[in-house]
Amino acid sequence: MKKTEIISSRMEWIDTVKDKFRECLSENTRVTVAVAAILLVLAALALAAGIIHEQSAAKNKEIVLPGQIPFSAVEQFFPPKKGGLTEDYYFSREQSSSWSQSEFDRWFSVPKADSIETLGKANEKIADEIIGAAP
């Protein structure tokens, strides 16, 4: 079977189930109304129970700020190793003060004149907004 045939057969099955459900609801209106009423009453009771529970929990709850909790160490403190703290952070390569020609060709791109003009206008607009009507 092709994918389109499988999809169309499943869509037909869904349509038949939907039609049977609608028929059942239209034939059994009293049962439908009773079930809907029961579900509404249960939802209202659950909402009321939740509100009452929250109010009673809020009354019994005591707020403890972190500064009021005494500190108790679980284990002994030990000092860090001396002398070896920064060794892992040293640079692993030497840094030169200027770029080589190959780095310059790879990383630097000369901006176009219209890009510089657009950037200048945007900067002027921002400066005007900041300054506003200052004398």
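The values are calculated or read from the model by the stated rules, or taken from the named source; none is laboratory data. Quantities reported herein were computed from a predicted structural model and do not represent experimental measurements. So basically every Cβ, Gly included, is an ideal-geometry build from the backbone, and we count neighbours across all protein chains shown. Quick note on the areas: whole protein, heavy atoms, side chains included, nothing else; ligands and nucleic acids left out. Shrake-Rupley method; radii C 1.70, N 1.55, O 1.52, S 1.80 Å.
Being of a type in the set (Gly, Ala, Ser), on the phi < 0 side of the Ramachandran plot, surrounded by 10 or more Cβ atoms within 10 Å (Cβ to Cβ) and at pLDDT 85 or above is a property that Ala113 lacks. Report yes if some residue within segment 30-47 is surrounded by 10 or more Cβ atoms within 10 Å (Cβ to Cβ) and either outside any helix (DSSP H, G or I) or among the acidic types (Asp, Glu) (or both); otherwise report no. No, segment 30-47 has no match at all. Being of a type in the set (Asp, Glu), open to solvent by less than 100 Å² (accessible area, probe 1.4 Å), modelled with pLDDT under 90 and not in a loop (DSSP other than H, G, I, E, B) is not true of Glu129.
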